[in-house]
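What follows is a short report on a single structure.
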Amino acid sequence: MGRFRLACWTGLLLAAPLTAQPLLSPEAFLGYPLGTRFTPHHRVVAYFEYVARTSPRVQLVQYGETYEGRPLLLAIISSPENLARIEALRTDNLRRAGRLPGTPSPDGPVFVWLSYNVHGNEAVSTEAALLTLYTLAHPDSQRTGAWLEQAVVLLDPCLNPDGRERYVQWYHRMLGARPNPDPLAREHHEPWPGGRTNHYYFDLNRDWAWGTQQETRARLAIYQQWMPQIHVDFHEQSVDEPYYFAPAARPIHPLITDWQRALQDSIGRNHARYFDADGRLYFTREVFDLFYPGYGDTWPTFNGAIGMTYEQGGGGRAGLAIQTGEGDTLTLAQRIRNHYTTGLSTIEAAVRHRRTLLTQFARYFARAQTQPAGRYQAFLIRNSTYPDRLAALTALLEQQGIRYGTLTRARTVEGIDYSTGTRRRIEARPGDLVVSAYQPAGVLAQVLFDPTPVLPDSLTYDITSWALPYAFGLEAYALTERLEPDQEGWQRPALSPPSSRPYAYLVRWGGLDAARFLAEVLQRGVRVRMAEEPLRLNGQRFEAGTLILTRADNEHLGARFDPIVRRAARRWHQPLYSTSTGFVEEGPDLGSSRVRFLRKPHVYLLAGPPTSAYATGAIWHFFDQVLHYPVTLIERDELNELLLEAGDVLILPHGVYRSSEWPIEALLEGVRRGARLIALEGALNLLTGQQGVHLKQRQAKGDQQERTGPRRYGDREREAISDRVPGAIYRVQLDPTHPLAFGLPRYFTLKRSTRAYELLKDGWNVAWLDEGRPRSGFAGYRTFDRLRETLVVGTQRLGRGTLVFFVDDPLFRGFWHAGQVLFANAVFFGE
Ligand SMILES: [Zn+2]
């Protein structure tokens with residue numbers, strides 16, 4: 001970390017206006033110099049509103065709000081002349097991106113988007129945004145004024161206000177009369193869950209491609225109304241790291257073009273000029289790769305922009321001042337200075353390369369529509385008898401700006417079968433969904449659908465595969481020949497009104513909407529049964545898992561029964577099949593004991609240390625925002641007082657548990673009384689070895705013996721990954737007769753560790769790996785043997801209750817749709 005030089009705010013802060021000016025600086029407005037405390041979000045909002053009112057260079061829009069109700073803001077900064085015709089400039093740029101029809105003008109301003117503080121506890125970014133806004137907006141600043149004649153800057157001061165506020169409020173409560181730079185001081189050690197993530201502990205910088213969070217969805221919508229040529233995501237890394245800026249590290253996704261890489265390089269060189277002149281340390285081309293599409297640099301890159309991450313040293317540990325490993329003191333003011341420098345330098349470079357940017361950007365989208373760059377020409381998704389999954393997939397495509405349509409006539413095409421990875425001729429049928437690669441968002445579509453992304457270099461720190469057909473558990477094909485849909489869009493089958501007073505209603509199981517329907521009717525007091533075997537009724541087949549709501553079971557509801565069921569079915573788009581008889585042609589009659597009565601579960605979720613906040617948050621979010629079913633979050637100290645009984649479900653998320661510190665015996669006693677315990681990933685450690693628990697960890701073999709010759713120091717990183725699974729997709733074998741597998745014709749698991757358990761000898765193996773190689777993504781070769789024939793999901797009886805084991809997290813980052821169905825099965829059918 002370079003030494004702090006007060007005199008050097010670089011040449012970029014021009015003629016800093018110190019005399020009385022019409023525009024107040026952040027210091028004058030807030031009442032303290034930037035860098036002497038963290039600015040609370042409502043004051044950031046106040047300053048942005050003030051600048052928008054005062055400066056003719058700034059307009060402000062609120063594009064959404066957070067889960068905790070804080071506004072999400074975008075400042076539109078340009079010359080007054082440009083702002084006067086901003087709508088025309090915006091729509092012209094959308095023509096350039098192929099989002100609107102017509103020919104764009106060859107000239108115009110370049111659009112530069114600056115995103116600050118997506119990770120809440122990397123709290124310097126928003127402070128830098130205040131200063132950047134001021135410099136851009138100040139009418140006396142001629143240099144920025146000249147830039148703004150050729151640029152529209154879209155500045156989001158805080159992508160994650162809830163997380164940032166969690167950090168800032170905590171930090172100021174810890175702070176004494178002055179900052180304590182001692183790294184051991186408590187102000188440098190955030191408590192669980194930390195401020196990095198949003199309200200539900202989701203990492204918003206992993207969510208761009210999935211839009212599972214409210215903040216992301218709002219941002220994706222407004223981003224696609226502008227489509228900038230440059231997007232910068234401001235971050236912080238650990239305290240001792242020098243500043244990082246583009247060009248990015250490998251692996252770089254093969255669909256990233258040469259001109260995008262070249263411009264990253266030019267922008268990086270512009271920053272380097274300022275850092276060199278000032279003697280500040282920095283690095284490029286290391287650590288921060290461009291592969292996984294959920295980041296704030298990759299996702300814009302796959303949308304034709306120059307997407308970049310900038311990283312200052314500091315983050316949630318640094319506070320206002322902290323001692324570095326080299327013995328210097330890193331202050332908030334220094335951290336602001338660096339992000340301020342690169343923010344302005346980005347705009348400067350964008351203006352310098354404006355013509356190239358606009359030309360290449362327009363060419364990128366023109367090419368996408370006529371000569372797609374990837375290996376596939378189209379993606380074919382088989383129409384499902386169960387529409388929930390297709391409805392969820394098309395909703396995601398729409399949010400991502402990817403066009404799709406359906407076929408009205410049959411034909412034969414050639415492609416790769418996602419299930420097997422093999423090439424073959426495929427019969428495309430009417431009703432099948434088609435995503436053509438020939439479209440403006442063709443590159444993003446290729447990235448999200450590619451069955452086997454080519455990883456040019458395996459040293460990445462994130463998952464290496466994510467293809468949507470695996471996530472949604474759909475039958476699909478990546479086509480090597482062109483196929484265009486016969487008609488735009490996809491229609492969910494229309495609902496026909498059920499007959500007036502049926503003997504029973506039936507609802508097919510297989511998607512999240514069916515699970516939401518069940519969640520709603522259970523909460524309204526409806527008694528529901530579930531067919532454990534397939535049945536045929538009035539000539540129609542119903543698969544195992546079908547929900548059955550009989551009038552006889554629901555006499556307690558009287559006349560309310562039908563409206564409750566019908567309202568829920570309409571709300572969640574569930575076709576209600578009504579029958580006037582319980583006598584079936586095949587399978588168990590509706591009144592049979594093999595048509596199981598579903599108990600309304602009372603769900604507890606362990607939260608707080610030592611659980612992983614990500615894992616806990618994903619489950620919390622699932623119940624709150626996806627399923628809309630109540631969940632009680634309970635912390636470790638209260639666990640001692642929890643007396644589990646039949647009907648209770650306790651979920652233990654991933655975490656680092658030490659069994660000696662846990663009341664595990666009392667919890668297992670609760671299970672013996674009839675409760676259900678669902679344990680995921682690291683929580684399985686608590687259960688192995690306990691009395692009556694059949695789960696056994698697979699012992700790792702001595703890998704050392706496989707190595708020949710002495711180890712080379714230079715190979716150490718590469719060698720370490722041969723034992724790792726950073727995130728890959730495996731095809732699993734399912735027991736389709738087990739209720740936990742109902743509604744899932746196929747399943748792929750996203751594995752992110754080499755944690756391996758033997759198949760259960762006592763109990764039920766619901767899902768397991770046959771072979772140890774992934775269907776898609778990277779896994780080190782030494783993991784193949786270790787993972788072969790290991791458990792993915794299992795369950796066993798314990799006394800009158802049940803244990804459910806999840807070796808992988810089915811709710812990881814909230815985007816694995818089929819995993820959410822599987823988890824819903826464990827919640828509702830797991831007894
Ligand atoms: Zn970050």
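Values computed for the structure shown
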quantity	calculated
Kirkwood Rh in Å, taken over all unlike Cα pairs in the stretch 123-234	16.7 Å
The stretch 504-598 pair-distance distribution - Cα-Cα, 5 Å bins, rounded %	3, 14, 28, 26, 19, 9, 0
Cleavage-rule hits, chymotrypsin sites (Phe, Trp or Tyr not before Pro), the stretch 712-787, DSSP coil, Cβ neighbours within 10 Å at most 15	Tyr781
Rg over Rh [alpha-carbon atoms, Kirkwood Rh] for the stretch 372-488	0.95
Unit charges at the beta carbon, dipole of the chain: most positive-side option, Phe38, Leu468, Leu787	Leu468
Segment Ala700-Arg90, extension gain: residue separation times 0.36 nm, minus the distance between their alpha carbons	213.8 nm
Counting DSSP beta bridges with both ends in the chain, the antiparallel % (nearest 5)	65 percent
Surface share of carbon and sulfur [accessible, 1.4 angstrom probe, percent] for the chain	48 percent
Cα-based Rg and Dmax for the stretch 52-369, where Dmax is the largest Cα-Cα distance (Å)	19.0, 61
Helical mean residue ellipticity (222 nm; -39500 (n - 2.57) per DSSP H run of 4+; nearest 500) of the chain	-8500 deg cm²/dmol
Crossing angle, helix 817-828 versus the chain [Cα axis fit, 0-90 degrees, rounded to tens]	50 degrees
Calculated FRET efficiency for the pair Leu184/Glu789, C-beta based, R₀ 41 Å, to 0.05	0.30
Alpha-carbon Rg/Rh ratio, for the stretch 154-201, with Rh computed the Kirkwood way	1.05
Label-point separation in nm, Arg43 to Asn538, each point 7 Å along Cα→Cβ	6.6 nm
Rough spin-label spacing in nm, given labels placed 7 Å along Cα→Cβ, for Ala395 and Thr329	5.2 nm
Protection-proxy order for peptides 350-361, 609-620, each taking the mean of Cβ atoms within 10 Å per residue, highest first	609-620, 350-361
Residue-span extension gain [Arg367 to Asp723] - 0.36 nm each, minus C-alpha spacing	124.1 nm
Label-point separation in nm, Thr36 to Val61, each point 7 Å along Cα→Cβ	3.7 nm
26 Å Cα-Cα reach of Lys696 towards lysines, excluding residues that sit fewer than 8 places from it in its own chain	Lys751, Lys761
Per residue, in Å², the accessible surface of the chain once ligands and nucleic acids are set aside, probe 1.4 Å	38 Å²
Protection proxy ranking of 261-268, 813-820, 36-43 - average other beta-carbon atoms within 10 Å, highest first	813-820, 261-268, 36-43
Segment Gln491-Val454, length gained on full extension (0.36 nm per residue, minus Cα span)	10.0 nm
Normalised convex hull volume, the stretch 99-159, alpha-carbon set, Å³ per residue	93 Å³
Scaled radius of gyration (Cα, divided by 2.2 N^0.38 Å) that the chain gives	1.00
Degrees, to the nearest 10: 214-223 long Cα axis against longest axis of the chain	50 degrees
Calculated from backbone phi, Karplus (6.51, -1.76, 1.60) coupling profile of the stretch 555-571 in Hz, x at Gly/Pro	4, 4, 8, x, 6, 6, 3, 5, x, 4, 5, 5, 5, 4, 5, 5, 4
Gyration tensor (alpha-carbon) shape descriptor, the stretch 596-691, a/c threshold 1.5	oblate
Gln142/Thr54 FRET efficiency (R0 22 Å; Cβ-Cβ; nearest 0.05)	0.75
Cross-link reach list, aspartates and glutamates versus Lys600, counting only Cα pairs under 20 Å and skipping chain neighbours closer than eight places	Asp513, Glu520, Glu532, Asp553, Glu555, Asp562, Asp624, Glu645, Asp648, Glu831
Relative packing of peptides 153-163, 598-608 - highest average C-beta neighbours within 10 Å first	153-163, 598-608
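The values are calculated or read from the model by the stated rules, or taken from the named source; none is laboratory data. Being a predicted model, the structure only gives us computed values, none of them experimental. Note that we place each Cβ from the backbone using ideal geometry, even for glycine, and neighbour counts take in every protein chain shown. Just so you know, the surface numbers come from the protein's heavy atoms only, side chains and all, with ligands and any DNA or RNA stripped out. Shrake-Rupley method; radii C 1.70, N 1.55, O 1.52, S 1.80 Å.
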